[in-house]
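The values are calculated or read from the model by the stated rules, or taken from the named source; none is laboratory data. Source: prediction; values computed, not measured. Positions of Cβ are backbone-derived with ideal geometry, glycine not excepted, and every protein chain shown enters the neighbour counts.
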Amino acid sequence: MAKLSYSSKINKIRSFALILVFAGILLMYVGIMFKKIPWLMATFFILGMLAVVFSCVVYLWIGSLSVKAVPVVCPNCQKPTKVLGHVDACMHCNQPLTLDKNLEGIEFDERYNKRRFRNEAISKMKQENE
Ligand SMILES: [Zn+2]
């Protein structure tokens, strides 16, 4: 069986926000190295600040997404997790999960979150069943 490289959306956004914080700190650090060139230092500082502020916005966004996500108990590891969108992965074990009855039993694909791709797959499956 092919190893799934899919991970929970909330986890993905969370790691993105974390990277952003580090990038911001790094940019400000680079700014300090240019302290002899004030405009360059200011530019790096502003960029760094923006990255940090943006990561805060992303964290707030995760919070609101988390509220919208449907809480479920993962059938694989029995831990509570959250499903965002039509297909998502368990936050703990990356078990693919779906809330869409039409997608049950279809091979997992991240693209099922896109309406067009999902509808094509469903109609294809219905044709095969006829
Ligand atoms: Zn799980």
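When you go through Leu47, Leu60, Leu103, Leu99 one by one, which is the residue that is at pLDDT below 95, on the phi < 0 side of the Ramachandran plot and not assigned by TED's automatic domain parsing to the domain that holds Arg116? Every option except Leu60 fails the conditions.
Of the strands (runs of 3 or more DSSP E) entirely within the range 79-130, those holding at least 1 residues that are basic (Lys, Arg) occupy 80-83.
When residues in the range 61-98 are screened for being within 8 Å of the ligand (Cβ to nearest atom) and among the polar types (S, T, N, Q), 5 of them pass. Residues in the range 26-59 that are over 15 Å from the mean Cα position of the chain (by Cα), part of a helix (DSSP H, G or I), loosely packed, with under 13 Cβ neighbours inside 10 Å and aliphatic (A, V, I, L, M): Ile32, Met33, Ala42, Val53.
Here Lys36 meets the list (1) in the same structural domain as Tyr112 (by TED's automatic domain parsing); (2) of a type in the set (D, E, K, R); (3) out of contact with any helix residue (DSSP H, G or I) (no Cβ under 9 Å at 6 or more places or on another chain) almost entirely, failing just condition (1).
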